[in-house]
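Report on the following structure.
None of the figures in this text is laboratory data; all of them are computed from the coordinates on show. Only a predicted model underlies this, so the values are computations on that prediction, with no experimental measurement involved. Cβ placement follows ideal geometry from the backbone for every residue including glycine, while neighbour counts extend to all protein chains displayed.
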Amino acid sequence: MRGVVASADDRGPRTAGGGVMSLEERLAVDPIACDGHGICKELFPERVRLDDWGYPIIDGRPVSPRLREHAKRAIAACPTLALKLERS
């Protein structure tokens, strides 16, 4: 990665200017790929709710490390591969 240097402390990767990079991950859905199966809501209700037609509405808060495995399970189970974790 350009502009990133290794960090010896536990705050994670740092920018070339010395700031700590954000490694927050958020769940995202591709609305074109999604067919509204609703599996994501069943597997990850902490961040997903469904609209009136069964399509997911994603909570935009970062996925905590505690919930990351739940998110990954929902992503893996999506039959249309419409879910992903995005770094912000």
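The table for this structure:
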item	result
Cα shape, region 22-87, gyration tensor, a/c 1.5 rule	prolate
Simple spin-label estimate for GLU46 and LYS84 in nanometres, 7 Å along Cα-Cβ	2.3
Calculated from backbone phi, Karplus (6.51, -1.76, 1.60) coupling profile of region 60-67 in Hz, x at Gly/Pro	x, 5, x, 7, 6, x, 5, 9
For region 29-43, 3J(HN,Hα) per residue [Karplus equation, 6.51 cos²θ - 1.76 cosθ + 1.60, θ = phi - 60°, Hz, x = Gly/Pro]	10, 8, x, 6, 6, 5, 10, x, 5, x, 4, 4, 5, 5, 8
Added length on full extension, which subtracts the Cα-Cα distance from 0.36 nm per residue, LEU23 to LYS72	16.0 nm
